[in-house]
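As structure tokens, the structure follows; a few thoughts come after it.
The values are calculated or read from the model by the stated rules, or taken from the named source; none is laboratory data. For clarity, every value in this text was computed on a predicted model and none was experimentally measured. Quick reminder, even Gly has a Cβ in these numbers, built from the backbone with ideal geometry, and neighbours come from all protein chains shown.
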Amino acid sequence: MVTIYHNPRCKKSRETLTILEEKNEDIEIIKYLDTPPNEKELLKLIELLGIKPLELIRKNETIWKENYKGKNLSDDQVIKAMVAHPKLMERPIVVKNNKAVIGRPPENVTSIL
């Protein structure tokens with residue numbers, strides 16, 4: 001089973017989903033803007049990705065620029081920002097067998113299949 005944290009309006013997310021479908025993967029699609037991860041789930045994703053919370057932030061989003069940019073935020077504060085504003089999360093995130101990647105570029109997903 002592969003899980004994709006997906007935004008259907010995002011081209012990279014759609015391209016990543018297409019790769020998963022072409023590989024005949026059993027896919028669980030989580031539209032994370034409709035069903036955002038809670039703090040615990042987000043911490044697990046960050047751990048699987050092997051990154052710092054700030055590396056999962058889409059820094060060009062207006063929400064980030066207007067509310068958080070330039071502030072010295074703790075990891076916990078960054079996670080709380082993503083929980084409050086899931087649009088800040090980089091996308092798509094694909095998880096399989098306790099491994100995760102960000103599908104940017106979409107071909108990154110093949111590294112965990």
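Within segment 54-65, is even one residue of a type in the set (Ser, Thr, Tyr) and touching a Gly at 6+ places or on another chain (Cβ under 7 Å)? No; the residues of segment 54-65 include none that is of a type in the set (Ser, Thr, Tyr) and touching a Gly at 6+ places or on another chain (Cβ under 7 Å). Would you say residue 47 is modelled with pLDDT of 95 or more, within 20 Å of residue 7 (Cα to Cα) and either surrounded by fewer than 13 Cβ atoms within 10 Å (Cβ to Cβ) or not aliphatic (A, V, I, L, M) (or both)? It is false that residue 47 is modelled with pLDDT of 95 or more, within 20 Å of residue 7 (Cα to Cα) and either surrounded by fewer than 13 Cβ atoms within 10 Å (Cβ to Cβ) or not aliphatic (A, V, I, L, M) (or both). Scanning segment 50-100 for residues that are under 17 Å from residue 31 (Cβ atoms) and either among the hydroxyl-bearing types (Ser, Thr, Tyr) or in a loop (DSSP other than H, G, I, E, B) (or both) yields 58, 85, 90, 91, 92.
Restricting segment 1-12 to residues that are in contact (Cβ under 8 Å) with a residue 40 or more places away in the chain and assigned to a loop (DSSP other than H, G, I, E, B), which is surrounded by the most Cβ atoms within 10 Å (Cβ to Cβ)? Per the criteria, the residue is 7.
The single residue among 15, 41, 28, 21 that is exposed (fewer than 14 other Cβ atoms within 10 Å of the Cβ), assigned to a helix (DSSP H, G or I) and at pLDDT 95 or above turns out to be 21.
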